[in-house]
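A short write-up of the structure that comes next.
Rule-based calculations on the coordinates, nothing more; no lab input. All values derive from a computational prediction rather than experimental measurement. Reconstructed Cβ throughout: ideal geometry from the backbone, glycine too, with neighbour counts over all protein chains shown.
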Amino acid sequence: MRHTNRETSTTTLTRLIKALDAKHPVTITYTKVDDTETIRTIEIADVIVTNAGDIVLRAADRDTQEMRSFRLDRIEAYTVHRSAYVVARPVADDKPARPARGLATVTVLYPVDLPITARIDLLADALAA
């Protein structure tokens, strides 16, 4: 288990993006808005940056089989597993998805031909813009 207070947010984000790329689930200890802690196993689907500058993970919760949002700064600890994703994803239709209200429309791509550090630089550049 890795504790986020012992590493930089860039290191945490790098490891979580690697889990996303490899389609490995992650168990997180997460602090909710009401300051209660919860432990969830999630399958990360996307990384979003809000208008406020918060980094949000869109992920499927294995217990409820639903998509949830988790702010990176509220993750207290995490463990990346070696198993594969098991939650079924909704089938994408031909219509483009409408962005959620209040979220920035920053598109961050994860090109396969770039090493992970270059992908993090792309995200950092998107955050700076």
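Mind listing just one residue for me: the one in the range 66-79 that is closer than 16 Å to SER9 by Cα and aliphatic (A, V, I, L, M) and, of those, nearest to the chain's Cα centre (by Cα)? Among residues in the range 66-79 that are closer than 16 Å to SER9 by Cα and aliphatic (A, V, I, L, M), the one nearest to the chain's Cα centre (by Cα) is LEU72.
If you go through the range 7-18 and keep only what is over 22 Å from ARG82 (Cβ atoms) and outside any loop (DSSP other than H, G, I, E, B), you end up with SER9, THR10. Under the condition of being surrounded by 14 or more Cβ atoms within 10 Å (Cβ to Cβ), within 13 Å of the chain's Cα centre (by Cα) and not in a loop (DSSP other than H, G, I, E, B), the residues counted in the range 19-39 number 6.
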